Amino acid sequence: MNTFPYDSWEAALEAADGTTGYFTWGPGGNTASVVLAIIAIVVSVVAMLMITGREDKLLNEAADHLADKYNAEG
């Protein structure tokens, strides 16, 4: 399956004027690249906050459990 729309790389380079996007499924500029980058950043930040919150909860529960265990024996 040959999906390359040009006869040679030279023809492709001549046709490249810098205004077309990187995606074969979309015409125009590189808006899709910007949108994907923003989505990736948002997902990364949300995941980081969720992981941090979960670890804080687990560590606080473990600390409380240990405090109760050793304070009860004393």
Problem set entry | Residue list for segment 4-13, restricted to those being modelled with pLDDT of 80 or more and open to solvent by 90 Å² or more (accessible area, probe 1.4 Å) | P5, Y6, D7, W9, E10
Exercise. Say we look at segment 18-74 and pick out the residues that are closer than 30 Å to P5 by Cα and surrounded by fewer than 10 Cβ atoms within 10 Å (Cβ to Cβ); which of these is modelled with the highest pLDDT?
Worked result: G18
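The values are calculated or read from the model by the stated rules, or taken from the named source; none is laboratory data. In this text the structure is predicted, and so the values were computed from the model without any measurement. Positions of Cβ are backbone-derived with ideal geometry, glycine not excepted, and every protein chain shown enters the neighbour counts. In case anyone asks, the SASA skips ligands and DNA or RNA and just uses the protein heavy atoms, side chains included. Shrake-Rupley method; radii C 1.70, N 1.55, O 1.52, S 1.80 Å.
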